[in-house]
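Beneath this line is the structure, given in structure tokens, with notes to follow.
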Amino acid sequence: MDPHHKASGLWGVIGGLSFLVLVQGYELAVGTRLGMTVKAGVALVVAALAAVLTHLARPRIDGNERS
């Protein structure tokens, strides 16, 4: 596996797990419960977006203009 793809995937995992931590903090602070399917669905969307955006932003951050 290409290291850049692996790094993007790992950033996606970090994004999804960070979202779940924030949701848990929200639930503890407010006292309301969200459905497990809602949390899982949104976490998957956040993870996918984080992975894609990391992959697209990497050339600009590294200073490389490789596609």
Would you call VAL13 touching a Phe, Trp or Tyr at 6+ places or on another chain (Cβ under 7 Å), β-branched (Val, Ile, Thr) and on the phi < 0 side of the Ramachandran plot?
no
Filtered residue count, the stretch 1-43, keeping only those that are among the charged types (D, E, K, R), under 30 Å from ILE61 (Cα atoms) and part of a helix (DSSP H, G or I)
1
Taking the stretch 19-33 and keeping residues exposed (fewer than 13 other Cβ atoms within 10 Å of the Cβ) and either within 21 Å of PRO3 (Cβ to Cβ) or not polar (S, T, N, Q) (or both) leaves VAL21, LEU22, GLY25, TYR26, LEU28, ALA29, VAL30, GLY31, ARG33
Search the stretch 3-16 for residues that are touching a residue at least 40 places away in the same chain (Cβ under 8 Å) and pair each with any residue that is of a type in the set (A, V, I, L, M) and part of a helix (DSSP H, G or I) when their beta-carbon atoms are under 7 Å apart and the residues are at least 6 apart or on different chains.
SER8/ALA51; GLY9/ALA51; TRP11/ALA50; TRP11/ALA51; GLY12/ALA47; GLY12/ALA48; GLY12/ALA50; GLY12/ALA51
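Every number in this text was worked out from the coordinates using simple rules, so none of it is lab data. All values reported here derive from a predicted model rather than from experimental measurement. Note that we place each Cβ from the backbone using ideal geometry, even for glycine, and neighbour counts take in every protein chain shown.
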